[in-house]
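Structure, as structure tokens:
The values are calculated or read from the model by the stated rules, or taken from the named source; none is laboratory data. Just so it is clear, the structure is predicted and the values come from calculations on it, not from any experiment. When we count neighbours, we look across all protein chains shown, and the Cβ atoms used for this are built from the backbone with ideal geometry, even at glycine. Heads up: the accessible areas ignore ligands, DNA and RNA and are worked out on the full protein's heavy atoms, side chains in. Shrake-Rupley method; radii C 1.70, N 1.55, O 1.52, S 1.80 Å.
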Amino acid sequence: QIISLTPNNKFTHDLYFVLIESRIQYSFAPLYDKKIVCFGDSTTEFTDYDGKRYSDYIAEITGANVINVGIGGARIEKRAEVVENPSNQTEAYAALDVMSLIDAIVEQNFTYQFAAANSGYISKAIYLPIVQRLSEIDFSTVDAVTIFAGTNSWRTARTLGTTGQTDSEFYMLSAINLIIKKLLEAYPHIKIYWFTPIVRWIDSDGYTE
């Protein structure tokens, strides 16, 4: 059956959007009730002008169970050695960089992350609930993860590393490879979706935007 949709007609207008909505729901049906965990920096943690995070849109469109563990300021690579008792903000944030979170998940040990959140060098009110939420996830039941980060790593592009590198958790490209390797070795069923970071520039004085 062929349906002709003519403009300037309320019935046609309403029918058109019903068809579009049905098409969207049908297209993403494979993700319905799947468990997705979203990692990243502020682009993942914070909301847009409508008060929603991209993870909220994924949940609405697909019907998936989406858990947001984005951490504003996080880098892909570790910015410093992770220590049990952070003595400054850099050491505290190091435990919350994506590479560190993946290590904690694979090892099932969130000691460093809880210590960082309780250290007093970063906001306990903001980060402790995120760490708690992450520590309670059973990744054997997770279907997919998204990683939307890298914009904070670009501030220190000297730690970019080289293509294929896997020998350091302190270089961005190496950390990307290690994150994928470690996560899939521990949970081979998980699908990983990587979002490239937003555009940044650094001027001659080191200012970044």
Does at least one position in the range 45-58 carry a residue that is charged (D, E, K, R) and in a helix (DSSP H, G or I)? yes
Considering the range 178-208 alone, what residues qualify as being at pLDDT 95 or above, surrounded by 11 or more Cβ atoms within 10 Å (Cβ to Cβ) and not in a strand (DSSP E or B)? Leu178, Ile179, Ile180, Lys181, Lys182, Leu183, Leu184, Ala186, Tyr187, His189, Ile190
Looking at the structure I just gave you, is Thr162 touching a Ser or Thr at 6+ places or on another chain (Cβ under 7 Å) and either part of a loop (DSSP other than H, G, I, E, B) or surrounded by fewer than 15 Cβ atoms within 10 Å (Cβ to Cβ) (or both)? no
Name the pairs whose Cβ atoms lie under 8 Å apart, with the first residue in the range 94-121 and over 15 Å from Asp138 (Cα atoms) and at pLDDT 95 or above, the second open to solvent by less than 20 Å² (accessible area, probe 1.4 Å) and among the aromatic types (Phe, Trp, Tyr), and 6 or more positions between them or separate chains? Leu96/Tyr127; Val98/Phe39; Ala116/Tyr127; Ala117/Tyr127
Would you pick out the residues in the range 127-156 that are more than 16 Å from the chain's Cα centre (by Cα), surrounded by fewer than 19 Cβ atoms within 10 Å (Cβ to Cβ) and touching a residue at least 40 places away in the same chain (Cβ under 8 Å)? Ser140, Thr141, Arg155, Thr156
On the given criteria, is Ile58 in contact with a strand residue (DSSP E or B) (Cβ under 7 Å, 6 or more places away or on another chain), open to solvent by less than 30 Å² (accessible area, probe 1.4 Å) and over 20 Å from Tyr171 (Cα atoms)? no
Inside the range 63-77, can you point out the residues that are open to solvent by 30 Å² or more (accessible area, probe 1.4 Å) and either within 21 Å of Asn177 (Cβ to Cβ) or aromatic (Phe, Trp, Tyr) (or both)? Arg75
